[in-house]
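Novice: This is the structure I want to talk about, given as structure tokens.
The values are calculated or read from the model by the stated rules, or taken from the named source; none is laboratory data. Quick caveat, the model's predicted, so the values are computed rather than measured. Counting neighbours? That spans all protein chains shown, and the Cβs are built from the backbone with ideal geometry, glycine included. What goes into the accessible areas is simple: the full protein's heavy atoms, side chains included, and nothing from ligands, DNA or RNA. Shrake-Rupley method; radii C 1.70, N 1.55, O 1.52, S 1.80 Å.
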Amino acid sequence: MEFAHIPVLYREIMEIMAPKEGEVFVDCTLGGGGHSRGFLERLGPAGRLIGIDQDEEALAAAKKNLACFGDQVTYVHSNYENLAEILHEYAPEGVDGILFDIGVSSHQLDDPARGFSYMQDAPLDMRMDQTRDFSAWDVVNTYSESELARIIREYGEENWAKRIAQFIVERRKIKPLETTGELVEAIKAAIPKKARQEGSHPAKRTFQAIRIEVNGELDVLEKTIEQAKDGLRLGGRLGIISFHSLEDRIVKEKFKYLAASCVCPPEMPICCCNKVSEVKILTKKPVTAQEDELAANSRAKSAKFRAVEKIV
């Protein structure tokens with residue numbers, strides 16, 4: 001299947017991240033290389049890009065799409081949770097820009113074999129890194145009812161989490177759930193008909209939750225922001241695209257903390273924390289897609305972009 005991934009918020013990201021001639025940028029979620037191509041065009045022949053992705057199909061596609069930039073690009077098959085080690089190896093002197101595009105790519109959603117989509121029947125997989133053994137099958141068929149309910153409630157923000165977990169466990173007593181279609185059937189059976197008819201697809205939140213659990217997406221985000229900040233040179237920019245409220249909340253709060261010059265309790269008469277402001281926030285509010293982009297790419301609807309600049 002041809003790898004296709006439309007880079008969201010492309011214009012806004014190029015403007016805010018402001019790549020300059022000769023700088024070094026890191027794309028922590030390379031995908032098909034859409035954002036990276038924009039960076040490389042602005043970095044010029046003296047610039048360099050480090051592209052990281054845990055999906056080998058994405059790396060292969062990026063190598064093809066960015067072939068014209070030759071050895072200006074370093075490709076790394078890894079999870080961005082290893083950013084500190086990657087920067088130590090490939091850019092120990094620091095970098096000028098780091099971008100994260102958190103979540104599942106269009107290609108991963110559209111490829112039925114990957115098992116990310118609730119719209120197509122496929123084996124329960126959802127692994128972004130297909131070299132790993134742990135998959136959606138393990139979550140659905142081995143987690144306890146209480147653990148299933150917890151992740152569906154916390155990661156999917158699903159009101160029917162407890163009931164969905166109950167129905168999954170009851171069905172797997174007869175036989176393991178093997179496909180996304182079987183999981184969708186269990187979810188639909190658990191949610192009352194009236195609730196199913198309101199809002200988005202009834203399986204959307206549960207699939208999101210299981211995907212986050214399989215790939216450990218939220219577990220590594222906060223600590224990786226810290227690694228990214230440490231890897232920036234003075235004046236370097238860090239930008240993060242998120243696609244749901246849990247991710248955006250983590251990014252917002254972490255950026256707010258890094259920008260703060262004091263974190264003492266309000267009742268303290270004088271500052272005792274010795275905290276210094278490490279970054280300047282470049283996006284007072286999250287940047288979202290304009291009407292023309294939404295018309296061309298509906299998946300940009302939930303995208304939010306926040307960015308900071310390192311000042312110390």
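Novice: Suppose every K and R has +1 on its Cβ and every D and E has -1 on its Cβ; what is the size of the dipole of the range 1-67 about the Cα centre, in Debye to the nearest 20?
Specialist: For this selection, approximately 240 debye.
Novice: Roughly speaking, to the nearest percent, how much of the chain's 1.4 Å accessible area is carbon and sulfur?
Specialist: Answer for the chain: carbon and sulfur cover 51 percent of the accessible area.
Novice: Modelling each spin label as a point 7 Å along the Cα-to-Cβ direction, I'd like the residue 60/residue 301 distance in nm, to one decimal.
Specialist: 3.2
Novice: Also, quick follow-up: Per residue of the range 93-98, in order, report the coupling 6.51 cos²θ - 1.76 cosθ + 1.60 (Karplus, θ = phi - 60°) as ³J(HN,Hα) in whole Hz, putting x for Gly and Pro.
Specialist: Each residue's phi maps through the Karplus curve to give 7, x, 10, 9, x, 9 Hz.
Novice: Considering Cα pairs under 8 angstrom that are at least six residues apart, work out the relative contact order of the range 1-154 and quote it in whole percent.
Specialist: RCO, the range 1-154: 21 percent.
Novice: Let me ask another. By DSSP, what percent of the beta bridges with both residues in the chain are antiparallel, rounded to the nearest 5?
Specialist: 40
Novice: Another one. If contacts are Cα pairs under 8 angstrom and at least 6 residues apart, what is the relative contact order of the chain in percent?
Specialist: 18
Novice: Given a 1.4 Å probe and the protein chains all in place, what does the accessible area of residue 14 round to, in Å² to the nearest 10?
Specialist: Result for residue 14: roughly 10 Å² accessible.
Novice: Any idea what the relative contact order of the range 106-150 is, in percent, if you count C-alpha pairs under 8 Å spaced at least 6 apart?
Specialist: Dividing the mean separation by the residue count of the range 106-150 yields 21 percent.
Novice: With bins 10 Å wide starting at 0, give me the P(r) of the range 44-163 over every alpha carbon pair, in whole percents.
Specialist: Result, from short to long distances: 11, 32, 31, 18, 8, 1 percent.
Novice: Mind giving me the nanometre distance, one decimal, between the label points for residue 154 and residue 6, set 7 Å out from Cα along Cα→Cβ?
Specialist: 3.4
Novice: Pull out the extension gain between residue 285 and residue 263, defined as 0.36 nm times the separation in residues minus the alpha carbon to alpha carbon distance; nm, one decimal.
Specialist: Length gained, residue 285 through residue 263: 5.8 nm.
Novice: List the residues, sorted by chain then number, that are 5 or more residues from residue 26 or on another chain and whose placed amide H is less than 5 Å from its amide H.
Specialist: 50, 97, 98, 99
Novice: How large is the accessible surface per residue of the chain, computed with a 1.4 Å probe and reported in Å² as a whole number?
Specialist: Accessible area per residue: 47 Å².
Novice: Counting DSSP beta bridges in the range 13-85, what percent are antiparallel, to the nearest 5?
Specialist: Among the beta bridges of the range 13-85, antiparallel pairing accounts for roughly 0 percent.
Novice: Once you charge only the Cβ atoms, +1 for Lys and Arg and -1 for Asp and Glu, what is the size of the charge dipole of the range 105-235 about its Cα centre, to the nearest 20 debye?
Specialist: With Lys and Arg at +1 and Asp and Glu at -1, about 520 debye.
Novice: Suppose each label sits 7 Å from its Cα in the direction of the beta carbon; what would the residue 72-residue 223 distance come out to in nanometres?
Specialist: If labels sit at residue 72 and residue 223, their model points lie 3.5 nm apart.
Novice: Then there's this: Given 37 °C and 0.692 mPa s, compute D for the range 171-296 with the Stokes-Einstein relation, Rh being the Kirkwood radius over Cα pairs; round to the nearest whole µm²/s.
Specialist: Using the Kirkwood radius from Cα pairs, D works out to 175 µm²/s.
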